[in-house]
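**Q** Next up is a structure, given as structure tokens.
Here, each number is a calculation from the coordinates, and none is a lab measurement. Quick caveat, the model's predicted, so the values are computed rather than measured. Ideal geometry is used to build each Cβ from the backbone, glycine not excepted, and the neighbour counts take in all protein chains shown.
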Amino acid sequence: MANTIEVKVPDIGDFSDVPVIEILVSVGDTVTKEQGLATLESDKATLEVPSSAAGVVKEIKVKLGDKVSEGSLVVVLEAEGQAAAEAPKAAAPAQAETPKVEQKAEAPKAAAPAPSQPAAASGPVEVKVPDIGDFSDVPVIEILVSVGDTVSKEQGLVTLESDKATLEVPSSAAGKVKEIKVKIGDKVNQGDLVVVLEGEGGQASAEAAPSASAPTPAPAPAQTPRSGPSAADAPPAPKAAAGTGKPADIECRMVVLGSGPGGYTAAFRAADVGLDTVLIERYASLGGVCLNVGCIPSKALLHSAAVIDEVAHAGDFGVDFGKPKINLDKLREYKEKVVGSLTKGLSGMAKQRKVRVVQGTGVFVSPNEIEITGEDGKTQLLRFEQCIIAAGSQAVKLPNFPWDDKRVMDSTDALELAEVPKKLLVVGGGIIGLEMATVYRALGSEVTVVEFMDQLMPGADKDLVKPLADRLKKQGVIVHLKTKASGVTAEKKGITVTFESATEGQKPELESGTWDRVLVAVGRSPNGKKIGVDKAGVQVTDRGFIPVDTQMRTNVPHIFAIGDIVGNPMLAHKATHEGKLAAEVAAGEKKEWVARVIPSVAYTDPEIAWVGVTETEAKAKGLKVGVAKFPWAASGRAIGIGRTEGFTKLIFDEATHRVIGGGIVGVHAGDLLAEIGLAIEMGAEAEDIGHTIHAHPTLSESVAMAAEVYDGTITDLYIPKKK
Ligand SMILES: Cc1cc2nc3c(=O)[nH]c(=O)nc-3n(C[C@H](O)[C@H](O)[C@H](O)COP(=O)(O)OP(=O)(O)OC[C@H]3O[C@@H](n4cnc5c(N)ncnc54)[C@H](O)[C@@H]3O)c2cc1C
């Protein structure tokens, strides 16, 4: 005989009156035990109501928009020969494969136009594990702070991971970490002491732990992306200057200083969410470094380099072209056309959004005023309610180089393509140096690269770099590692450079040489000390970075900062992501940084791309990981295009089998990387990737195959079983 089973909302911690946002079944459906029946969404988390038994759906007792709490009736089931079940115990409904509780982009505090400083505690504050629903004995898998760190209210202190969900214990107050009372592997419960903070004055010590920390679906964070300098790394906040009291030439709700990828994105998003916005840019062309002298022109030139190389090898498959003739003026024109179409597009979009663009150099004169000096020397005073600083960075100019000699170049000069030097020295074997080496080598220069560290592209795993290093060698690019340029003289015959070994007391591989041109690509420095932020009371580190919190707010609550100026990695996609976030928070949206990883790509040939935890990092941190590689020599597509030197590598958390990092070397590695980034953000396990059907024959199959290598289910390779 059929039993009737009432499925009710289980214990959902502190949540109540939670709206139903999705009904996952229909009357007549057969459901399994634990299958999700309806989705609830509070402002903090998304939860599924699981079925307490297997059966057939007889009645659905809720509709979209209904608000439910623990015990509310959701579905009536008819089950064969089963006892009626009450609501299941677990708060976090669980199916083995899909995390069911998702963190929403929830800001720790409301973001009103000019909110007050984050609350700080005065005496010692004990931060305890908050109400975590039915979870108990949950292991600590990551300590997110160190003794001495300054933390803001709601900042995550430690990460707990049960078999169902990952949770962060948020700080109940702002303060300095005095003691950490737990270690990785400890098992904790609600009320357990986690951290003792030293208050920084302001509010009374925080009483209880914050109410609820929404569990997050993914595994141990693959990296801490908001890893820029904190306020503790900077000298104390300067005393802000008083307002000028002068009438303003321009007034606005929001001003964005700098129009790079961070700045224009912030300005456009601010306008889209209803803020009256001004964008200040010192140059006539919008788009900053990325569009004008960075990502875009370098990729336009790299495209021509790739074509030159491809054509040179076409003979291998029976198609012969003649030696290429390089028309440098036309190539330069092409690059400028690419840049122009994008920067003009930005000006058009600014107009469409009614963002007022003001050309000139902006400098803060008080916390609500910026003085803008135009090219003609005339100044205008702009008064604002809120500001997003997006003034970016500039190339580091090594001090002992003769920069007034045009044969000594930074990346901006190199992109101008004044000539193709017979011999080019590239100082710095990082991404920018190697991309430019790739361009000039293809155009015909004899290229030498010197790098201070013991590998090219420090930061990427060595195995990913090897296929590139091998190819460069084959192409005749000379590389000297652990080598430092020490002396430089400009002579008529060329630029003569002497070298030292990076290892003290050792002879350098190369002692000296003379080159027609020298490109210095040793990094970029932030512009934080060049825009008068002290007058606004904004903290800045000695290196020129502006510390921000997870909402991109500086120590002055109505001033935000984004992009290269707030820290590494200095990448355009990080800047745009931060720009959107800052604009939305400024407009009052409850958001904060939740991305787990930021991808890195070198557009060399082959490309090198990586995201999340690297193998080197995993080793250094003693993480228990599994590494799986799929060599492109076994990829039909890679064989077809004659580029089998690549491989795809995935790094898994051994405990959860979730992917926490990955790297690809090979053609189009940068495009292929996105899938790994998404997998990390979604908490995908090896099986999830392997079970996703990838089109054949594509290079993207290599990602699924690497997952299958980890799972031991690969059929495109033969891997002998371990005895
Ligand atoms: C050769 C090269 C290649 C690169 N390739 C890539 C790539 O492929 N992918 C990638 O992700 N990143 C790449 N980058 C890095 C990328 O360009 C930067 O990370 C990105 O531009 C940073 O954006 P941003 O908005 O923070 O600042 P920026 O792009 O530096 O923009 C800052 C803007 O602020 C303006 N400004 C500064 N001070 C003032 C002032 N006082 N008043 C008015 N305006 C001011 C500047 O003129 C500039 O327009 C590359 C960089 C270089 C140099």
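**Q** What stretch of the chain, leaving out the sites themselves, is the longest with no chymotrypsin sites (Phe, Trp or Tyr not before Pro) in a DSSP loop having at most 12 other Cβ atoms within 10 Å?
**A** Between the exposed loop sites, the longest stretch runs 322-717.
**Q** Something else: Using the Cβ atoms and a cut-off under 14 Å, what net charge is assigned to the surroundings of Ala536, where Lys and Arg are +1 and Asp and Glu are -1?
**A** Around Ala536, the surrounding residues sum to +2.
**Q** Evaluate the Debye formula for the range 1-78 with equal point scatterers sitting on the alpha carbons, no solvent, and hand back log10 of I(q)/I(0) at q = 0.20, 0.23, 0.25 Å⁻¹, in q order, two decimals.
**A** Reported log10 I(q)/I(0), two decimals: -0.77, -0.99, -1.16.
**Q** Using θ = phi - 60° and the Karplus form 6.51 cos²θ - 1.76 cosθ + 1.60, what ³J(HN,Hα) does each residue of the range 465-479 get, whole Hz, x for Gly and Pro?
**A** Calculated HN-Hα couplings, in order: 7, 4, x, 5, 4, 5, 5, 4, 4, 4, 7, x, 6, 8, 10 Hz.
**Q** Give me the percent of Cα-Cα pairs in the chain that sit more than 47 Å apart, rounded to a whole number.
**A** Counting every Cα pair in the chain, those more than 47 Å apart make up 27 percent.
**Q** Here is a follow-up. As a test of the definition: which semi-axes, in Å, follow for the range 233-346 when you take the square root of five times each eigenvalue of its alpha carbon gyration tensor? Largest first, please.
**A** 46, 16, 13
**Q** Moving on to the next point. Give the shape of the range 606-711 as rounded, prolate or oblate, defined through the alpha-carbon gyration tensor: a ≥ b ≥ c are the square roots of its eigenvalues, a/c under 1.5 means rounded, and otherwise the shape is prolate if a/b is larger than b/c and oblate if not.
**A** It is prolate, given that a/c is not under 1.5 and a/b is the larger ratio.
**Q** Pull up all non-local amide H partners of Arg596: gap of 5 or more, or a different chain, and H-to-H distance under 5 Å with H placed in the peptide plane.
**A** Amide H neighbours of Arg596, under 5 Å, 5+ apart: none.
**Q** Around Leu717, what is the net charge, scoring Lys/Arg as +1 and Asp/Glu as -1 over all other residues with Cβ under 11 Å from its Cβ?
**A** Neighbourhood net charge equals -1.
**Q** What does the net charge come to around Gly374 if you take all other residues with beta carbon closer than 15 Å to its beta carbon, with K and R at +1 and D and E at -1?
**A** Taking every Cβ under 15 Å from that of Gly374, the sum is -2.
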